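The values are calculated or read from the model by the stated rules, or taken from the named source; none is laboratory data. These numbers were taken from a predicted model, which means no experiment stands behind them. Using ideal geometry, Cβ is built from the backbone for each residue, glycine included, and neighbour counts are taken over all protein chains shown. Please note that ligands, DNA and RNA were not included when accessible areas were found on the heavy atoms of the full protein model with its side chains. Shrake-Rupley method; radii C 1.70, N 1.55, O 1.52, S 1.80 Å.
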Amino acid sequence: MGVKIIVGQIIHCVAPYSVAVIDSGFVIIDECGKIAAIGNASDLETTKKQLNLVAEDTLSLTKTQLLLPGFIDTHIHAPQYSNAGLGYDKPLLEWLDNYTYNLEKKYRDQNFCGTVFQAVVRKTLNHGTTTACYFGSLFYESSLLLATAVAELGQRAFVGKVNMTKLAPDDYVETPEESIENTLKFIKGVADLGNALVQPIITPRFALSVDLEHMKKLGVIAKERDLHIQTHISENKDEVEMVVQLYHDAYANVYDKAGLLTSKTVLAHGIYLSEEEIKLLSERQTSIAHCPESNVNLGSGICDVVNLRQNGVTVGLGTDVAGGASPSIINAMKSAISASTHLSFTKENYKPLNYEDVFYLATLGGAKALSLDDKIGNFQIGKSFDAVIVDLDVENSSVDYLSDCTPQELLQKLVFLGDDRNVIKVYVNGKIVK
Ligand code: GUN
Ligand code: FE
């Protein structure tokens, strides 16, 4: 891989909820896929001299194209992909019983897994997801096949083997002992892939699927090995009530007692968190994966991202396939604006999320939520070049480009009208993956 230069309109976030636009810019990517320089195109020649660059591969973007950081999906269930669009007439717990577990338990069959995992990773890459945080299935062998598909197709990802000992069919649970043993096998299996872009993540399904002692053991494994953690929290009112009845404590406190709230933990949903629970998450530097499309499909509710932000909780976006039907973070950005706007109708002086806010959530916010903001999320020098090139003038797409647009307007068109047809190139760690 040689040195690459991309010249054109660039948009990225330089700080939380702060978007920077370079109307005519450049990025230089070194042989290792890291960002060597970024600036205004007028300074390119001087920078090249300073860096002593000779032969290089330069790509000049058109005026309908943008260079953006790659999109980050902080919550997606790969094995549920073939259920996308199904069962949304049922609320969460019924949907899990009627659709989700019945599909996920088929992943005992490894022939079935391979095809689906290749398809979901290919699909998310095509939509510009350069990093994904995946739930696998209960089976460590199948979850390893997911990690393998991710490695083969060149995505950056966390992959989790789900831990679940109850509240699911008898042939889709493990004993706590099996669960721990298979988690350790899974962690070793991912390490054996030897791909720095793919990391294991500790994945208790949610507080109703595992008991406290088991969660504590998973917390110890995460601590000893410095691993990330993911689970669900406060998604649905019935779920929250069952958790409170079972543990006689607030949802977030249960995870805290288990040692699962760390700065490397990402919790999906967080719709019904109390102010005390939000404060606790903020203190623990635990993040929320906001999954707006899923929250509507399953009739779960609306997460108040503005309130989380005001209380210092980091938020990223998740598709939550198959609670969400769409594998696209572009769609998640639009859904997040819609959810926030609906919330604003019922609140006084409430400023909903706008296109810049959701662009932050999709990029640097997602990177922070996954504690990867030292590596990815924007075009800071030294970070890995995870990026997408989008074009808002592509034939046969949803966008008709009929008059000139500023870079900010192109971004708005992408958020409200764009899809995978507008994502024309995708890079992970400097390597083209679409
Ligand atoms: N809570 C526990 N499991 C799941 C799941 O698979 N999807 C969603 N959306 N919520 C969950
Ligand atoms: Fe989920």
- Item | 20 Å binning of all Cα-Cα separations within the chain, expressed as whole percents from 0 upward | 28, 57, 15, 0
- Value of relative contact order over segment 324-375, rounded to a whole percent, pairs C-alpha under 8 Å and six or more apart: 32
- Item | Where E31, E293 fall by accessible area, highest first, once all protein chains stay in place (1.4 Å) | E31, E293
- Given labels modelled 7 Å from the Cα in the Cβ direction, how far is it in nm from E283 to A196? 3.7
- Could I have the simple spin-label model distance between E94 and N311, label points 7 Å from Cα toward Cβ, reported in nm to one decimal? 3.0
- Item | Order of exposure, largest accessible area first, which applies to Y134, Y350 with probe 1.4 Å | Y350, Y134
- Item | For segment 117-126, Karplus couplings with θ = phi - 60° (6.51, -1.76, 1.60), whole Hz, Gly/Pro x | 5, 4, 5, 6, 5, 4, 5, 5, 4, 4
- Once normalised by the length of the chain, the mean sequence separation of its alpha carbon contacts under 8 Å that are 6 or more apart gives a contact order in percent of 20
- Note on the structure: Percent antiparallel among DSSP beta bridges confined to the chain, nearest 5, equals 45
- Please build a GNM for the chain, connecting alpha carbons under 10 Å apart, and tell me which residue among V313, V54, V21 fluctuates the most. V54
- How much accessible area does K347 have with a 1.4 Å probe, in Å² rounded to the nearest 10? 80
- Work out the length of the dipole vector of segment 168-266 about its Cα centre, built from +1 on the beta-carbon of each Lys and Arg and -1 on the beta-carbon of each Asp and Glu, and round it to the nearest 20 debye. 520
- Task: Rounded to the nearest 0.05, what FRET efficiency do K166 and A15 give with R0 = 56 Å and r taken as the Cβ-Cβ distance? Could you check?
- Result: 0.80
- How high is the relative contact order of segment 250-310, given as a whole-number percent (alpha carbon pairs under 8 Å, six or more residues apart)? 35
- Sequence order, segment 316-330: Karplus ³J(HN,Hα) from phi using 6.51 cos²θ - 1.76 cosθ + 1.60, θ = phi - 60°, Hz rounded, Gly and Pro as x, gives x, 9, x, 7, 6, 3, 9, x, x, 7, 8, x, 9, 6, 4
- Message: Skipping prolines and chain starts, which residues have an amide H placed within reach, meaning under 5 Å, of the one on H75, given they are 5 or more residues away or on another chain?
- Response: C133, T319, D320
- Task: Grab the DSSP H runs of the chain that are 4 residues or longer, score each as -39,500 (n - 2.57), total them, divide by all residues and round the 222 nm result to the nearest 500 deg cm²/dmol.
- Result: -10500 deg cm²/dmol
- Rounded to two decimals, what is Rg over Rh for segment 304-420 when you use alpha-carbon atoms and the Kirkwood radius? 0.98
- Kindly flag which residue pairs out of K63/K368; K185/K375; K4/K431; K123/K425; K166/K188 have an alpha-carbon separation exceeding 21 Å in this structure. K63/K368; K185/K375; K166/K188
- Item | For segment 159-175, Karplus couplings with θ = phi - 60° (6.51, -1.76, 1.60), whole Hz, Gly/Pro x | 10, x, 8, 6, 9, 7, 10, 7, 6, 9, x, 4, 8, 9, 9, 10, 6
- Query: What nm distance separates the two modelled labels at E152 and K431, each placed 7 Å from Cα along Cα→Cβ?
  - Reply: 1.4
- Binned at 5 Å from 0, what are the whole-percent values of the Cα-Cα distance distribution for segment 260-326, short to long? 4, 19, 30, 23, 15, 8, 1
- Note on the structure: quick shape note, segment 237-299: Cα extents on principal axes in Å, largest first -> 31, 26, 18
- Query: Per residue, what volume in Å³ does the Cα convex hull of segment 209-254 take up?
  - Reply: 73
